[in-house]
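Have a look at the structure below, then the notes.
The values are calculated or read from the model by the stated rules, or taken from the named source; none is laboratory data. Since the structure is predicted, the reported quantities are computational estimates derived from the model, not experimental observations. Backbone-built Cβ (ideal geometry, glycine too); neighbour counts: all protein chains shown. Just the protein is used for accessible areas: all its heavy atoms, side chains included, with ligands, DNA and RNA removed. Shrake-Rupley method; radii C 1.70, N 1.55, O 1.52, S 1.80 Å.
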Amino acid sequence: MLVFKFGGASVKDAKGIINLGSVVEKFNGEELLIVVSAMGKTTNALEKLTKAYINGDSHLQEIFDEIKNYHCAIMEELFEPRHPVFDEVANTFVEIDWVIEDEPHEDYDFIYDQIVSIGELVSTRIINAYLNQAGIKCQWLDVRGYVHTDNTYREGIVQWEKTCAAINKDIPSLLQKGRIVTQGFLGGTSENFTTTLGREGSDYTASIFAACLGAESVTTWKDVPGILNADPKLFEDTVKFDELSYTEAIEMTYYGASVIHPKTIKPLQNARIPLLVKSFSQPEEPGTIIHETSGGKPGKPVIIIKQNQTLLSISARDYSFISEQQLSTIFKLFSQAQVKVNVMQTSALSFTVCFDLYEERFKKLLVALTAGFKVKYNDGLTLITVRHYSPASLKELTVGKTILMEQLSRNTIQLVVK
């Protein structure tokens, strides 16, 4: 049994969906569960729609219409006008109409999940319809009934025992009848509300299904030939890794390598299931395999760039030392605001952290911190992480930049720069 995951770039247009069908067809005879992300940049567009709704933006309906028209144009290339998928997609988008008809809920993250999740529900409706039209027998599955999470919106924590029980109750028998098409990124609560698993969470969804079902492998189909040592959009001389250990892949994703969701590897490592990262435009190429290997460190430095960073320094109002008790209070406030720390440093009088800027969460954190501490911050910064670094690689990366914070370990250096 195999699990495939197709990202948004691979299904951004009709040509991509047709290509998905060609890839799936090559595995005729295999039990196959297909996890699909929202199409193209739909998640970004739905995030924009969510903010417009919260802020009472007059362009709300215009933004929504653009999203619907984008999907409609793709369907018009793939299907005859009277195909049932047009009604299925229209009925799915109605769920957003229901949300935006009411006054905004006070919890931004809750609203975010109810709106942004529609992207995956729509994309899988279209892809399931196309595959069946192309003679590839498939069933559409609502993942929210199988991946069970708590109520942590935008970062749903998977309830593993309940999730695996639900998956193993239904999925094996369904796979005997044909391929399954389901959504990545989404989960469901006990109250039947939708949660999401964090940006790029479709990889994690694939690993959840694979781990629960004991799959032979997971393949994630990307717009790159495999896992590279750096982002090819930012660096010209990138190299592809033929293989990586689970440990190295976990380290890379922890530091922000966006090619794989950070939580993807652990369930696969526990179950000894290999993860293949391959190009959807060159499916015959080997890509990169992540598995249990004792291979040495990569032959070239791994460079990870994270934009839109905030550097925040916290100190006591009475100039007392930053103690363990104060750190405990600070970390509790970060946890309550759902702000994840990328780098941190402690001095006698201050505690400094770098993190991704999510405006709503940062506002909540700032209010909580300023009630008991002095706070100052810089935003619009960049975090550079280099694993297996060399002095030459560091010099090249920092030329013309001001280093605001530096952290060094045996294998990794992190620099916050502007």
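Details
- All positions within region 10-27 that are crowded, with 18+ Cβ neighbours inside 10 Å and either over 25 Å from residue 260 (Cβ atoms) or among the aliphatic types (A, V, I, L, M) (or both): 11, 17, 20, 23, 24
- Residue check, residue 308 open to solvent by 20 Å² or more (accessible area, probe 1.4 Å) and at positive phi: yes
- Where residue 213 falls short, out of the listed (1) within 29 Å of residue 115 (Cβ to Cβ); (2) aliphatic (A, V, I, L, M); (3) in contact (Cβ under 8 Å) with a residue 60 or more places away in the chain: (1)
- Of all residues in region 153-165, those that are crowded, with 18+ Cβ neighbours inside 10 Å and charged (D, E, K, R) have Cβ atoms under 7 Å from Cβ atoms of residues that are modelled with pLDDT of 95 or more and not in a loop (DSSP other than H, G, I, E, B), 6 or more apart or on another chain, in 154/112; 154/113; 154/196.
- Taking the conditions (1) out of contact with any helix residue (DSSP H, G or I) (no Cβ under 9 Å at 6 or more places or on another chain); (2) crowded, with 19+ Cβ neighbours inside 10 Å in turn, residue 378 satisfies each one other than (2).
- When residue 246 is tested against the conditions (1) crowded, with 22+ Cβ neighbours inside 10 Å; (2) without any contact (Cβ under 8 Å) to a residue 60 or more places away in the chain; (3) aromatic (Phe, Trp, Tyr), the lone failure is (1).
- When region 173-224 is limited to residues that are hydroxyl-bearing (Ser, Thr, Tyr) and part of a loop (DSSP other than H, G, I, E, B), the one that is surrounded by the most Cβ atoms within 10 Å (Cβ to Cβ) turns out to be 189.
- Where residue 96 falls short, out of the listed (1) without any contact (Cβ under 8 Å) to a residue 12 or more places away in the chain; (2) open to solvent by less than 10 Å² (accessible area, probe 1.4 Å); (3) among the β-branched types (Val, Ile, Thr): (1)
- Selection over region 312-343 of residues that are of a type in the set (A, V, I, L, M, F, W, C) and either surrounded by fewer than 17 Cβ atoms within 10 Å (Cβ to Cβ) or in contact (Cβ under 8 Å) with a residue 60 or more places away in the chain (or both) gives a count of 8.
- Qualifying residues in region 344-385 (those that are of a type in the set (Phe, Trp, Tyr) and without any contact (Cβ under 8 Å) to a residue 40 or more places away in the chain) - the one nearest to residue 109 (Cα to Cα): 358
- Within region 264-278, the set of residues being crowded, with 19+ Cβ neighbours inside 10 Å and either among the polar types (S, T, N, Q) or touching a residue at least 60 places away in the same chain (Cβ under 8 Å) (or both) comprises 264, 267, 268, 269, 273, 275.
- Residues in region 95-136 that are outside any helix (DSSP H, G or I) and more than 30 Å from residue 15 (Cβ to Cβ): 101, 102, 103, 104, 105, 106, 107.
- Count of region 8-27 residues which are more than 16 Å from residue 223 (Cα to Cα) and within 20 Å of the chain's Cα centre (by Cα): 0
- Selection count, region 28-64, where residues are among the aliphatic types (A, V, I, L, M), open to solvent by less than 40 Å² (accessible area, probe 1.4 Å) and assigned to a helix (DSSP H, G or I): 6
- Among the conditions (1) within 30 Å of residue 29 (Cβ to Cβ); (2) surrounded by fewer than 17 Cβ atoms within 10 Å (Cβ to Cβ), the only one that residue 146 does not satisfy is (2).
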